[in-house]
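Following: one structure in structure tokens, then a few remarks.
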Amino acid sequence: MNRILSVLPRLPIGDFFDRFIDFLTDYFGWLFSGIENGLGFAIDFFEALIGYLPSLVTIVILGGIAFLASRYNWKIALFTLIGFLLIDSLGLWHNAVQTIALILVATIIALVIGIPVGILASKNDRLGEQFIRPILDFMQTMPAFVYLIPAVVFFGLGTVPGAVATIIFSMPPVVRLTNHGIRQVPKDVVEAARSVGSTGKQLLVKIQLPIAMPTILQGINQTIMLALSMVVIASMIGAGGLGSPVYGGVQNLNIGLGFEGGLAVVILAMILDRVTQALGQSSSNK
């Protein structure tokens, strides 16, 4: 078999990245330790909070939250109740609590970082197009499994590296759609607000963000969906949750276990999608 020879010399990009990771580990270990402690505490707190009450009581509460969040849509509330009861009947309630806690923490952090970055990108064309957009393209096209490698190097195995990988993987949609939503605000509305003396802060808070909110909520919806998909992948590094039975089913060729875990993931994804979509629709109808 003929071997295909490369004409160009090999670029040591991987070697450079290895040295860069070693540099960060040596000089910023204290920072990674602080992040690990903070994320670990937050995930454990929400997991204990959600799992404190008996599962049936918690499911009823979650159904009520879905009813209020969806603007009194009883169909979504009923679907939430039935879906979580089915997960509980599969014996995967504890796994679901772990997944919800991880998604909640990862999504909150992704939104806290992503929405301001999207606002910044909408205010500065050069920064948004030449700097932020290429980074987002890189983040979205990089295979999800690659994010697990530096997460494990910096934080070891467990829920924290899974949360870090989830935050990075799920952040781009909310940045893009926040930027897009603010840029879509009609120029005549912006000019009218400026003509009556609105400051930049007032314009953003009272005009641009409310008008762009349906688009921003779509970004939040996509961020949650990506976070859920990454949580399943993160089970490979010990993140636990609903990804564990799926990964265990693959490892042990246990079709039934893998199917039950996958079904629970689908149910949770549908619940989160329906609730966030209802929020977006109610915001656009205002």
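Remarks
- Computed with the Debye formula from one identical point scatterer per Cα of the range 196-286, without solvent, the log10 of I(q)/I(0) at q = 0.11, 0.15, 0.19, 0.24 Å⁻¹ comes to -0.48, -0.68, -0.85, -1.08.
- Scaled radius of gyration (Cα, divided by 2.2 N^0.38 Å) that the range 75-211 gives: 1.38
- The range 4-86, Rg to Rh (Cα coordinates; Rh as Kirkwood inverse mean 1/r): 1.38
- For the range 23-284, with +1 on Lys and Arg beta carbons and -1 on Asp and Glu, the positive-most of 72, 237, 104 along the dipole: 72
- Footprinting exposure proxy for 102, 209 (fewest neighbouring C-beta atoms within 10 Å first): 209, 102
- Top of 174, 146, 231 by mean-square fluctuation, Gaussian network on the chain, Cα under 10 Å: 146
- Backbone geometry of the range 193-209 corresponds, through the Karplus equation with coefficients 6.51, -1.76 and 1.60 at θ = phi - 60°, to 3J(HN,Hα) couplings of 5, 5, 5, 9, x, 5, 6, x, 5, 4, 4, 5, 6, 9, 10, 5, 5 Hz, x marking Gly and Pro.
- Neighbour counts of other Cβ atoms within 10 Å put 74, 30, 93 in the fewest-to-most order 30, 74, 93.
- The coefficient of translational diffusion for the chain, derived via Stokes-Einstein from the alpha carbon Kirkwood radius under 10 °C and 1.306 mPa s, stands at 75 µm²/s.
- The number of Lys pairs in the range 23-284 with C-alpha atoms less than 17 Å apart, excluding pairs fewer than 8 positions apart on the same chain, is 5.
- Taken one residue at a time, the phi angles of the range 42-52 give Karplus couplings (6.51, -1.76, 1.60, θ = phi - 60°) of 5, 5, 5, 5, 5, 5, 5, 5, 6, x, 5 Hz. Gly and Pro are set to x.
- Rounded to the nearest 20, the size of the Cβ-charge dipole of the range 23-284 about its Cα centre is 880 debye, with Lys and Arg at +1 and Asp and Glu at -1.
- Note, ³J(HN,Hα) from phi for the range 124-138, Karplus 6.51, -1.76, 1.60, rounded to Hz, x at Gly and Pro: 9, 4, 5, 5, x, 8, 8, 10, 6, 4, x, 5, 5, 4, 5
Quick note: the coordinates plus some simple rules give every number you see, no bench work behind them. Here the structure is a predicted model, which is why all the values come from computation and not from measurement. Backbone-built Cβ (ideal geometry, glycine too); neighbour counts: all protein chains shown.
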